[in-house]
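Where a number appears in this text, it was derived from the coordinates with a stated rule and is not lab data. Owing to the predicted nature of the structure, the values given are computational and were not obtained by experimental measurement. We place every Cβ from the backbone using ideal geometry, glycine too, and count neighbours over all the protein chains shown.
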Amino acid sequence: MANLPRLCTLLVCAGLAAQAPAPDALLIDTHNDVPTRILKGFDIGKRAKEGHTDLPRLREGGVGAVFFSVYVGAEYVTGNRSAHRALEMFDAVLGDIVARYPNDFLMARTADDIEMAHRQGRIAALIGIEGGHAIEDDLALLRDFYALGARYMTLTHVNTNHWADSSGDLDNPKVQHHNGLTDFGRQVIAEMNRLGMIVDVSHVSDKTFWDVLAASRAPVFASHSSCRALCDVPRNMTDDMIRELARKGGVIQINFYPGFLTERKSPPANLEDVVAHIDHAVKVGGIGAVGIGSDFDGIEQTPAGLEDVSRFPNLTRALLAKGYSPEDVRKIYGGNTLRLMRAVEGAAHLPNRQ
């Protein structure tokens with residue numbers, strides 16, 4: 001019973017299902033797509049019956065930091081509209097989340113900022129770009145987006161761009177593939193390293209993944225991917241990939257999309273499947289290599305028991321019941337991501353950093 005007091009700092013009795021993790025458990029979700037809904041008029045400050053994310057439910061779920069996705073769909077490549085779309089998405093985060101609700105959200109650019117927001121009782125709002133075509137093959141735009149607050153970029157989405165192959169279109173003979181990264185792709189990685197921007201390998205092809213690990217001098221992460229050994233889809237990571245990602249200081253952030261959790265149709269994906277992916281990734285990469293990248297509001301279905309951001313306490317209980325210690329849970333929920341961010345920040349060489 002010696003660990004009971006520590007356990008109770010993270011977990012309340014089972015009857016209090018809505019209780020969030022205690023203040024010392026800093027929960028960081030590295031991928032949330034609610035900005036796309038905000039551009040359609042959604043108000044994140046009000047409780048909603050639809051969708052997965054709003055301020056009341058973030059509070060109920062004990063979420064301490066969110067990387068809001070500046071998602072740029074592949075369709076914006078046509079007509080060179082990708083950068084414009086990215087700016088619209090930045091405005092949704094900066095204006096309609098942070099500026100609109102300053103008492104609840106703090107714009108964070110560093111690991112220290114996340115911890116400061118947590119001490120203040122606010123939710124740290126961060127930005128990740130989803131889809132490298134957003135920079136329109138221009139390193140100046142990459143720097144501009146960093147200045148606006150982007151702290152990671154997913155190199156591809158479902159589409160191969162001009163400098164990196166995606167996992168989403170490798171079977172399409174009409175797409176020009178590069179066998180991984182091009183020389184310009186390596187320049188993108190080098191500039192992201194210099195800036196202190198996390199390189200995100202979710203959505204990339206396997207060859208691109210290995211090229212990125214060879215090119216990056218800072219740790220990288222997969223912002224919203226799961227384990228291919230448990231669900232054999234190209235978007236998930238193989239054990240070899242997880243192992244090498246971990247060896248180089250990276251983190252796999254487990255995705256909650258049912259189609260990435262299980263290949264079975266009945267019963268549908270549930271909380272236990274999420275725990276199984278976390279557990280597998282820990283066994284392969286170690287406790288320091290696993291985090292949370294839910295993909296809430298970017299997915300049409302959610303696992304039973306993790307229907308929205310308010311249900312994270314269910315995951316806390318399930319992990320503790322699985323045998324993870326409170327300290328283990330703290331690492332998975334946020335400690336590993338903070339450690340990676342500091343490593344990326346430390347590897348940067350940028351005078352007068354933003």
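Using the Cβ-Cβ distance between ASP144 and ASP239 with R0 set to 30 Å, the FRET efficiency from 1/(1 + (r/R0)^6) comes to roughly 0.20. Per-residue Karplus couplings for region 54-67, computed as 6.51 cos²θ - 1.76 cosθ + 1.60 with θ equal to phi - 60°, are listed in order as 7, 4, x, 6, 4, 5, 4, x, x, 6, x, 7, 9, 8 Hz, Gly and Pro entered as x. Summing Cβ point charges (Lys, Arg +1; Asp, Glu -1) relative to the Cα centre of region 221-354 gives a dipole of roughly 460 debye.
The modelled label-to-label distance for the pair LYS283/LYS322, using points 7 Å beyond Cα in the direction of Cβ, is 1.1 nm. Annotation: amide H-H contacts under 5 Å for VAL72 (H modelled 1.01 Å from N, sequence separation of 5 or more, or interchain): GLU130.
Taking other Cβ atoms within 10 Å as a rough exposure proxy, SER223, SER325, SER266 sort from fewest to most as SER266, SER325, SER223. Of the residues GLY41, CYS231, GLY250, the one whose Cα sits farthest towards the positive end of the charge dipole of the chain is GLY250 (charges of +1 on Lys and Arg Cβ, -1 on Asp and Glu Cβ, taken about the Cα centre). The alpha-carbon of LYS40 sits under 25 angstrom from the alpha-carbons of these lysines, leaving out residues fewer than 8 places away in its chain: LYS49. Between the exposed loop cleavage positions of the chain, defined as GluC sites (Glu not before Pro) in a non-H, G, I, E, B DSSP state with at most 13 neighbouring beta-carbon atoms within 10 angstrom, the longest gap is 51-262. Using a simple spin-label model with pseudo-atoms 7 Å out from Cα toward Cβ, ARG59 and GLU191 lie 4.1 nm apart. Of the trypsin sites (Lys or Arg not before Pro) found in region 245-289, the ones in coil according to DSSP and having at most 11 other Cβ atoms within 10 Å of their Cβ are ARG264, LYS265.
Given a cut-off of 22 Å, name the pairs among LYS174/LYS265; LYS283/LYS331; LYS207/LYS248; LYS265/LYS322; LYS265/LYS331; LYS46/LYS265 whose C-alpha atoms lie farther apart than that in the structure shown. Listed pairs above 22 Å: LYS174/LYS265; LYS265/LYS322; LYS265/LYS331; LYS46/LYS265. With the simple spin-label model, which puts each label point 7 Å out from Cα in the Cβ direction, the ARG247 to LYS49 separation comes to 5.3 nm. Once the Cβ-Cβ distance between ASN103 and ASP171 is put in as r, and R0 is 45 Å, what FRET efficiency do you end up with, to the nearest 0.05? Efficiency, rounded to the nearest 0.05: 0.40.
At full extension, GLN120 and LYS40 could sit 25.8 nm farther apart than now, given 0.36 nm per residue minus the alpha carbon distance. Would you work out if region 46-94 is rounded, prolate or oblate? Take a ≥ b ≥ c from the square roots of the eigenvalues of the alpha-carbon gyration tensor; rounded if a/c is under 1.5, else prolate when a/b is larger than b/c, oblate otherwise. Judged from the Cα gyration tensor, region 46-94 comes out prolate (a/c at least 1.5, a/b above b/c).
Each Cα pair under 8 Å and six or more residues apart adds its sequence gap; the mean of these over the residue count of the chain is a relative contact order of 19 percent. Beta bridges assigned by DSSP with both partners in region 26-347 are antiparallel in approximately 5 percent of cases.
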